[in-house]
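Structure, as structure tokens:
The values are calculated or read from the model by the stated rules, or taken from the named source; none is laboratory data. Everything numeric in this text was worked out from a predicted model, so none of it was measured. Neighbour counts are summed over all protein chains in view; Cβ atoms, including those assigned to glycine, are modelled from backbone coordinates with ideal geometry. All accessible areas refer to the heavy atoms of the entire protein, side chains included, with ligands and DNA or RNA removed. Shrake-Rupley method; radii C 1.70, N 1.55, O 1.52, S 1.80 Å.
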Amino acid sequence: MIKQPRRPRTAELPAYQKIQRALLKQIESGALNPGDPIGSERELAKRFGVSLMTSRHALSALEREGFVVRRAGAGTFVAPPRIHFNKLVSFTEHMRSRGFVARSRLLSTTTATDDEIAARLSIPPGSPIFKFDRLRFAADEPFAFETCCLSEVQFPGIQDRPFDRKSLFDVLEHDYAVKLAYADEEVDASSAEGRTAELLKVPRGAPLLRLRQILYSTAGQVIAYSIGLYRSDRHSLVIRRFR
């Protein structure tokens, strides 16, 4: 029998990690919400019976992980939510896993030909491509602007699907019996300009994460191609590397 590694009990944790756990529990339960004050290093030290250096270490670790934000002269506050890209899930599923209610605003739909996109979709040049733009929200705040492209031949009637109410993954899996497997993604830096800045409610020139994704089925068939512009203050890319 394989013996599972024993998880450390709270009593065995370093003091700074006990502070982190206590604060994270309050954040996750909703006892502390974005913008709420955490308390000063001195207040936390007194509350948990630790040194000032230990409470400072706990807050620094939470800040690095994006859970709190420090404002000079004001104190430490619960940070706005950040979404971590580390699993192939739909935007709706991702938001739900983080405790947010997601919604979409369908901005436009078109059918056209585009040889560059056709190549990415691995379909013949000149094939009709359905393209739709959506603004993605979480907690009633704009988080991302996405453009999705699919083959109309491969997915007849796709243009009639309610993408303002349903996720792309749901439509593919339930309406077309597609079994999604993996995605190839390219991530680079971009900036918010013109209409994108207005839609995402960020200043012009604000940094964005641009993610270009090709979605594949379990049969290795290309299913969809999308480009997403994500607010860098609300998203981070999580990478695990092996040697």
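For region 174-192, the set of residues classified as touching a residue at least 12 places away in the same chain (Cβ under 8 Å) and either closer than 16 Å to residue 107 by Cα or not in a strand (DSSP E or B) (or both) consists of 175, 176, 178, 179, 192, listed by residue number. Pairs only if they're at least six apart or on different chains, beta carbon under 9 angstrom, first in region 139-154 and at positive phi, second small (Gly, Ala, Ser) and surrounded by 17 or more Cβ atoms within 10 Å (Cβ to Cβ); list them, first residue then second. Cβ pairs passing all conditions: 139/102.
Would you confirm, using the coordinates I've provided, whether residue 79 is surrounded by 17 or more Cβ atoms within 10 Å (Cβ to Cβ), under 22 Å from the mean Cα position of the chain (by Cα), at pLDDT 70 or above and of a type in the set (Gly, Ala, Ser)? In short, yes.
Just wondering, is there one or more residues in region 83-91 that are of a type in the set (A, V, I, L, M, F, W, C), at pLDDT 75 or above and in contact with a strand residue (DSSP E or B) (Cβ under 8 Å, 6 or more places away or on another chain)? Don't jump to the end; show me each part of the working.
Of region 83-91, the ones of a type in the set (A, V, I, L, M, F, W, C) are 83, 85, 88-89, 91.
Adding the requirement that they be at pLDDT 75 or above leaves none.
Scanning region 83-91, I find no residue that is of a type in the set (A, V, I, L, M, F, W, C), at pLDDT 75 or above and in contact with a strand residue (DSSP E or B) (Cβ under 8 Å, 6 or more places away or on another chain), so the answer is no.
Residue 195 meets all of the listed conditions (1) more than 19 Å from residue 155 (Cα to Cα); (2) part of a loop (DSSP other than H, G, I, E, B) but one, namely (2). Condition test on residue 187, is it more than 18 Å from the chain's Cα centre (by Cα) and either open to solvent by less than 20 Å² (accessible area, probe 1.4 Å) or closer than 19 Å to residue 117 by Cα (or both)? When the stated conditions are applied, residue 187 does not pass them. For region 107-162, the candidate set comprises residues that are under 18 Å from residue 213 (Cα atoms), among the hydroxyl-bearing types (Ser, Thr, Tyr) and over 24 Å from the mean Cα position of the chain (by Cα); within that set, the residue that is most open to solvent (accessible area, probe 1.4 Å) is 122.
Condition first: assigned to a loop (DSSP other than H, G, I, E, B) and either more than 12 Å from the chain's Cα centre (by Cα) or closer than 26 Å to residue 173 by Cβ (or both). Now tell me which residues in region 203-233 satisfy that. If you could, list the steps in order and put the result at the bottom.
Quick first cut of region 203-233, residues assigned to a loop (DSSP other than H, G, I, E, B) only: 203-206, 218-221, 232-233.
If the condition is that a residue be assigned to a loop (DSSP other than H, G, I, E, B) and either more than 12 Å from the chain's Cα centre (by Cα) or closer than 26 Å to residue 173 by Cβ (or both), then 203, 204, 205, 206, 218, 219, 220, 221 are the ones that fit.
Is it the case, given these coordinates, that residue 1 is at pLDDT below 85 and among the hydrophobic types (A, V, I, L, M, F, W, C)? Yes; evaluated as a whole, the condition is true for this residue.
The residue that is most open to solvent (accessible area, probe 1.4 Å), counting only those in region 18-29 that are out of contact with any helix residue (DSSP H, G or I) (no Cβ under 9 Å at 6 or more places or on another chain), free of Cβ contacts under 8 Å to residues at least 24 places away in the same chain and of a type outside the set (Ser, Thr, Tyr), is 25.
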